[in-house]
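Read-outs: derived from the displayed coordinates by stated rules, not from any lab. What you see is a predicted model, and the numbers here were worked out from it, not measured in a lab. No Cβ is skipped: glycine too gets one built from the backbone with ideal geometry, and neighbour counts run over all protein chains shown.
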Amino acid sequence: MEPSLSNVVDGRAIAAQIQKELAVRVANLKGSGVTPGLAFVRVGEDPASKVYVGRKEKACAELGIVSETHVLPEATTEADLLALIAKLNAAAHLHGILVQAPLPKQIRESVVFSTVLPTKDVDGFHPVNVGKLMLGDPTGFKPCTPAGVVELLVRSGVKTDGAEVVILGRGNIVGKPMAAMLCQKGNAANSTVTICHSATRDIKAHCLRADIIVAAMGVPEFLKADMVKPGVVVMDVGVNRVSDASSKTGTKLVGDVDYKNILPIAAKITPNPGGVGPMTIAMLLQNTVRAAEMKAN
Ligand code: GUN
């Protein structure tokens, strides 16, 4: 990461700024007798999920959000997981519930996400919150990663109004909600959005006319320098583990973007790590603080 280069979007610094702003709101809540509470649920021993939940727990502790983590075995049935969620839904000290994806095969994610109370759904995955996002209803919770990308764009001075945006990937966690946010009428939106995916005929042609590209398809270093125009803004959501003979572990993490070669031609680009990742956590904290405020008021 080269934080001194002006075209590098420093996600860690922007996330830290948001956390400072949230600290004021947490202090206000505590002043009125409310401590924000968040429950994490993890099923199985997926190493990446362990790391992600660990980072989220640490961020909660730093901000003064009380968190509790429930770890269930890999072989947990869907019914057992739903029973735990019902308990967490009913717990008055909890304002948010996050069930870390991916879940084991025997458990249907859609059923799980629909069981979390919409008012505690700080992931923004419940159909009610997905619907509110589509409708432009601000009372819902927005998914953390695409909300973090919007925040990065706004806070690094990127104009989305009228911009040609290409989103690589159509997943429920990033691609689809990202499109819904950016095509909405209003501030930090108003873009012309194209979603590219595995069946798109000529991804390069779409990317070459994009002012902003959000890469969230999960293909290591997919976006190459010859696929972007000079002055493009690139947001790299990808986290891919690839083999790397030069590293001690034999692997390394790379994004969906060929960062090194796009850096010299981009107007703005997120590093990886230190770009979108910290913003996902900042938006989770923000949703949780908001959930507590909504309950308090
Ligand atoms: N897995 C990958 N991203 C996310 C996320 O934002 N929330 C949850 N719960 N699981 C994820």
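At 222 nm, what helix-only mean residue ellipticity would the chain give, in deg cm²/dmol to the nearest 500, using -39500 (n - 2.57) for each DSSP H run of four or more? Please list the in-between numbers first.
Working: 10 runs with 119 residues, N = 297.
So the helix-based figure for the chain works out to -12500 deg cm²/dmol.
Each DSSP beta bridge with both residues in the chain is either parallel or antiparallel, and the antiparallel ones are about 10%. Dividing the mean sequence gap of close Cα pairs (under 8 Å, 6+ apart) by how many residues the chain holds gives a relative contact order of 21 percent.
Under 5 Å from the amide H of Val234 lie the amide H atoms of Ile213, Lys268, Ile269, Thr270, each residue being 5 or more positions distant or on a separate chain, with H modelled from the backbone and absent for Pro and chain starts.
Taking amide H as placed 1.01 Å from N in the peptide plane, the amide H of Leu72 sits under 5 Å from that of Arg42, Val43, Gly44, each at least 5 places away or on another chain.
Using R₀ = 45 Å, calculate the FRET efficiency as 1/(1 + (r/R₀)^6) where r is the Cβ-Cβ separation of Ala199 and Ser247; round to 0.05. Numbers along the way, then the final one.
On the way: r = 34 Å, r/R0 = 0.77.
It comes to 0.85.
Dipole check for the chain: with +1 at the C-beta of Lys and Arg, -1 at the C-beta of Asp and Glu, and the Cα centre as origin, the magnitude is about 260 Debye. Considering only Ser110, Asn89, Gly44, the residue lying farthest towards the positive end of the dipole of the stretch 28-165 is Asn89, judged by Cα position with unit charges set on Cβ. Between the C-alpha center of the stretch 28-92 and that of the stretch 214-278 there is a gap of 30 Å.
Only the Cβ atoms of Lys and Arg (+1) and of Asp and Glu (-1) were treated as charged; on that basis the dipole of the stretch 183-227 about its Cα centre amounts to roughly 140 debye. Cα-based count: Lys pairs in the stretch 68-187 below 27 Å, eight or more positions apart or different chains? Summing the qualifying lysine pairs gives 21. Footprinting exposure proxy ranking of Asp121, Asp244, Asp258, fewest other C-beta atoms within 10 angstrom first, gives Asp244, Asp258, Asp121.
When only the Cβ of Lys, Arg, Asp and Glu is charged (+1, +1, -1, -1), the dipole of the stretch 24-77 relative to its Cα centre reaches about 280 debye.
Name the shape class, rounded, prolate or oblate, that the alpha-carbon gyration tensor gives for the stretch 1-102, where a ≥ b ≥ c are the square roots of its eigenvalues, rounded holds for a/c under 1.5, and otherwise prolate holds if a/b is larger than b/c and oblate otherwise. The shape class here is oblate.
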